Amino acid sequence: MAKQDFYDLLGVSKSADSEEIKRAYRKAAMQYHPDRNPGNKAAEQKFKDVNEAYDILKDDQKRAAYDRFGHAAFEQGGGGAGGFGGGGFGGFGGGFANIFEEMFGTMGGGRSQGNPNRGSDLRYNLEITLEDAHRGKQTTVRIATMVHCDTCKGSGSEPGSRPVSCRTCGGHGRVRQQQGFFTLERTCPTCHGAGNVIEKPCKPCGGQGRVRREKTLSVNIPPGVEDGTRIRLAGEGEVGRAGAAPGDLYIFIAIPPHAIFQREGANVHCRVPLPITTAALGGTIEVPTVDGTRTRVTVPAGTQSGHQFRLRGKGMTVLRSSLRGDMFIEAVVETPVNLSKRQQELLREFVQESESRKTNPQSEGFFARVREFFEDLRE
């Protein structure tokens, strides 16, 4: 039977670039992989053909020879393709597993060969106040996790016994399977990559070498952390099976909104309402700071809403630094309410007295522009 054209086999055009060919190969290889089509001889053959096509088209020299001579370039005694005939796939079988694993991960869903049973990483959400974020905090957290079994000391075997080398993989943790001229490598299904098996499992942990238990950890929150900061505690995650290395614990910091302050990086903002008399006549106010102290701010006469007072060095601590941000006080002039008759009379007198003194330049300027606007419309 004549071989199918390699480009047609992968579903790409002859002008396809290397990335298009690679994507097409990945899709086809997944579709016809023997693990997805057990016992399907047609799919197995298709899988071999797809890999043969990709091996040729991914190599610029082989692809050039194929474009010129077709399949004959790689058949025994094929003309015009010196160096490719009679063994064009020599040594490919051993390397295919690495290529496939690089694209799709370890076959069988196992972990990496170096540490197949490493414990899982854990996440803990820790809420702290803005004040804690400013000065730092030493705290403790309690987490439910997998810890080493006290009976077997994490080995998974009964006391007095030891794990034995896996007979399926010979202690390597990996097995190879020959499929035609391809050699596929995967995690050993017997020992799951550990390289050994437990013949006499520990009863309290069922041979896992670990049990679930709650433990308490001390966590140091450095000054200056922000909302969403992640702190990694190496080796404080779940321990692995049969004495394998533990995972890590990640502490995620959450800082809820503050009742007084708004944070912006290392700076802190605070909106302070001012009585109209203080804003007009000037005075002194006391405001809180994020470190728990108070500071006095001088308000000049005629202060308007939105005016900001900058207090240098009164903001948040900068992470891993001795510096501090600034604090910004925003004045919000408050209109008086619930006035008595006498207060209303005094305000009316104030309005009459102020007509000739231009005490409200902003509003007077605005309404002057409004009048000009309507006069222009009438013209």
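The values are calculated or read from the model by the stated rules, or taken from the named source; none is laboratory data. Being a predicted model, the structure only gives us computed values, none of them experimental. Here Cβ is always computed from backbone atoms with ideal geometry, including for glycine, and neighbour counts include all displayed protein chains. Accessible surface areas use protein heavy atoms only, side chains included; no ligands, DNA or RNA. Shrake-Rupley method; radii C 1.70, N 1.55, O 1.52, S 1.80 Å.
Observations on the structure shown:
- Area of S13 that stays accessible when all protein chains are in place (1.4 Å probe, Å², to 10): 60
- Accessible area, probe 1.4 Å, largest first, for residues D326, D150, D291: D150, D291, D326
- Taking E286, E131, E158 in turn, the Gaussian network model of the chain (Cα-Cα springs below 10 Å) assigns the largest fluctuation to E286.
- Placing unit charges on the Cβ atoms of the charged side chains and taking the dipole of the chain about its Cα centre, the candidate lying farthest along the positive direction among A280, S15, N51 is N51.
- The chain: most fluctuating residue of Q61, Q362, Q304 per GNM, C-alpha cutoff 10 Å: Q362
- Computed accessible area, S165, all protein chains, 1.4 angstrom probe, square angstrom: 70
- Stokes-Einstein translational diffusion, the chain - Kirkwood Rh over all Cα pairs, 1.306 mPa s, 10 °C, in µm²/s: 54
- Using a probe of 1.4 Å, the accessible surface attributed to R210 totals some 40 Å² when neighbouring protein chains are kept in position.
- For the chain, with all protein chains in place and a probe radius of 1.4 Å, 48% of the accessible heavy-atom surface sits on carbon or sulfur.
- Mean ellipticity per residue at 222 nm, deg cm²/dmol - from DSSP H runs of n ≥ 4 across the chain, formula -39500 (n - 2.57): -8500 deg cm²/dmol
- Scanning the chain for cysteines with no neighbouring cysteine C-beta under 4.7 angstrom from their C-beta gives C270.
- The charge dipole of the chain, taken about its Cα centre with unit charges on the Cβ of Lys, Arg, Asp and Glu (plus for the first two, minus for the last two), comes to roughly 1500 debye.
- The residues of the stretch 12-62 expose, per residue, 58 Å² of accessible area to a 1.4 Å probe.
- Kirkwood Rh, angstrom, the stretch 283-339 [1 / mean 1/r, Cα pairs]: 13.1
- One Cα centroid belongs to the stretch 174-236, the other to the stretch 267-286; the line between them spans 59 Å.
- Beta-bridge orientation, the chain: approximately 75 percent antiparallel, per DSSP, counting only bridges with both partners inside.
- Of I56, I221, I253, the one that fluctuates the most in a GNM where the chain has Cα springs shorter than 10 Å: I56
- Farthest toward positive dipole pole in the stretch 203-248 [+1 Lys/Arg, -1 Asp/Glu at C-beta], among P246, P223, G209: G209
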